[in-house]
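Taking it in order: structure first as structure tokens, then the write-up.
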Amino acid sequence: MALETIDAAAKRGVLAVQDYALLSARALGNLFRRPFYRTEIFMQADTIGVGSLPIVILTGFFLGGVLALQSSSTLTQFGATDFTGQLVSFSMIKEIGPVVTALMVSGRNASGMASELGSMIVTEQIDAMRSLGTDPLKKLVMPRIVATIVMLFFLVIISDTVGILGGGMVSVVMLGQNGSQYFHIAYQSLQYPDILQGLVKPIFFGFIIATIGCFYGMRTRGGTQGVGRSTTQAVVVSSVLIIATDFLISRFMIGIFGR
Amino acid sequence: MTPVGASGAATLPEPAPPPGSPDEAVVAFDNVTISFGPEPVLENISFRVRPGETRILLGPAGVGKSVLLKLVNGLLCPDSGRIIVFGEEISALREQDLFQLRGSIGTVFQEGALFDSLNVRDNVGYRLLEEHLPDDEITRRVTEALRFVELEETLYKFPSQLSGGMRRRVAIARAIVTNPRLILYDSPTGGLDPITSTTIIELVMKQRDVSRTSSLVVTHRLQDAFMLATHRFSREKNRMEPLPPHQADPHTSFLMLHNRRLVFDGSTAELVHSKDPFIREYLA
């Protein structure tokens, strides 16, 4: 009995991965097939990118500030408070900026995508769209993937910038450090691989957020309760995948560039 | 055609293909079976819809009527059997090719399935917008379709601002705006009050008698089904009127599903005179 349950759960899991891979592949394949829904991409970019801007700026600023506070208190023990800027910029650009921004965007948009598409499924709007001769993967999924990847890339840059500024403000105003020294060290210590690492991650994270959000939305079953379930699953799975992928990318990049 | 089945759980004796070549039928089902679990939902279903014909699909709730409609426009794929629509075997078509084929099929969903984020004009003209027709042309054709369902004034309203009956009428307008060769109605009167239901049935009848479009109408409301069979739409009076006593529309016939099987395929007269206990009980 227990074996049968494990067997069924394993099959469901494999099937889900297969469905996810198919959805992602078909949605990406639609990038090269007409019609190209340019307007939908811009609309999604506005919702995902511009809509997420306030939370990204706020979280970025306070994260930079708290990083400065924490690292400064540790560095004081070694008499190295001058390196606060380096720690803040390193952490923000390589890890905290991309991961926290992705988690914020995931909480806001993966859930939004899952609930929007899920509601369309349970009210037969997706069936209606297919009946009207439109591929929902092309019209609904592909624009969300493109918009999320592009906008998350820029949101991470904004978050990094605001975070370093927040760290600078805390260092100067609260910790009494020299502002020009903070920014000088923050800038000088950064190398090309650090920037690259920080800019590669949002591309993967954006893909995860959009495909997971759309995947759970498109497989919603069971009315409004199902929509709620899909929304929760989308946020949980995308968050876990973002952190797991972050580890893999970091390991890979450190392996290549040695830092 | 004759009534089939002899018991409460009656079934077609053997799924022999119905008479007529599949090529001349708008829709042809040959031994179609579909399951969502261990038990089939529909089993060995065979029937035809010929050009200009209206087929009313009856059956208790949950028997698989909506599933059958979704099979017709390829939203679901059968486990076995052949489904031929406009001469093409859709069970063998790729999703990409099905999008083309669906351009000739209008579908009215159970709750209307209008897009929440679009106004009535864009909902009705959705297909035209996708074809990038000029704006004026879209507005003209949408207004024409809305005039047919007598809802011209709702052009720029959103679905949330419409009543249930109005949403159903807009859904009919959306289904007919491209002059499809086949219309599928999935319980178009479900959940509506009797007066609004009559209005919707009158529209279905108007489409049948004015445009002679082939259609498949799913319903579990007998009064709607018999109204369709025993009335005609008068263009002169612009309303429906009853046919002379003991007469039924010759282009309207019935299908009945029970226990996964098609238990009846025939005319109005054959249905009402059926000796099948299940059919008699259903009609009682």
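All of the numbers you see were taken from the coordinates with simple rules; none came from a lab. Computed from a predicted model, the values in this text were never measured in an experiment. Glycine also receives a Cβ, built like all others from the backbone with ideal geometry; neighbour counts cover every protein chain displayed.
Annotations for the structure displayed:
- Using alpha-carbon coordinates, inclination of helix A:51-76 to the longest axis of chain A, degrees: 40 degrees
- In terms of Cα atoms, the Rg and Dmax of chain B work out to 18.6, 57 Å.
- Between 0 and 90°, nearest 10: helix B:135-148 axis offset from chain B longest Cα axis: 50 degrees
- Summary value for the range B:44-187: 29 percent relative contact order, contacts being C-alpha pairs under 8 angstrom separated by 6+ residues.
- Chain A - percent relative contact order, Cα under 8 Å, separation 6 or more: 31 percent
- Positive minus negative residues near A:Leu117 (Lys, Arg vs Asp, Glu; Cβ under 12 Å): +2
- Taking every residue in A:132-138 and counting other chain Cβ atoms within 10 Å of its Cβ, the average works out to 6.
- In terms of distances greater than 29 angstrom between alpha carbons, the cross-link table entries B:Lys70/B:Lys237; B:Lys157/B:Lys206; A:Lys94/A:Lys139 yield B:Lys70/B:Lys237; A:Lys94/A:Lys139.
- Here the range A:192-259 and the range A:47-61 have alpha carbon centers that stand 18 Å from each other.
- Protection proxy ranking, peptides A:252-258, B:170-176, average beta carbon neighbours within 10 Å, highest first: B:170-176, A:252-258
- Assigned charges on the beta-carbon of Lys, Arg, Asp, Glu; chain B dipole about Cα centre (debye): 500 debye
- Charge tally for A:Ile249 (other residues, Cβ to Cβ under 12 Å; Lys, Arg +1; Asp, Glu -1): +1.
- Residues B:Val272 and B:Lys237, FRET efficiency given R0 of 30 Å [Cβ-Cβ distance, rounded to 0.05]: 0.65
- Convex hull of the range A:27-165 built on C-alpha atoms - directionally averaged projected area, nm²: 9.4 nm²
- 47 Å tail of the calculated P(r), the protein assembly as shown, as % of Cα pairs: 29 percent
- The convex hull drawn around the Cα atoms of the range A:37-257, when projected onto a plane and averaged over every direction, covers 13.4 nm².
- Value of [θ]222 nm, deg cm²/dmol, for the protein assembly as shown, DSSP H segments ≥ 4, -39500 (n - 2.57) each, nearest 500: -16500 deg cm²/dmol
- Once the C-beta distance of B:Phe36 and A:Arg259 is scaled by a Förster radius of 45 Å, the resulting FRET efficiency is 0.25 to the nearest 0.05.
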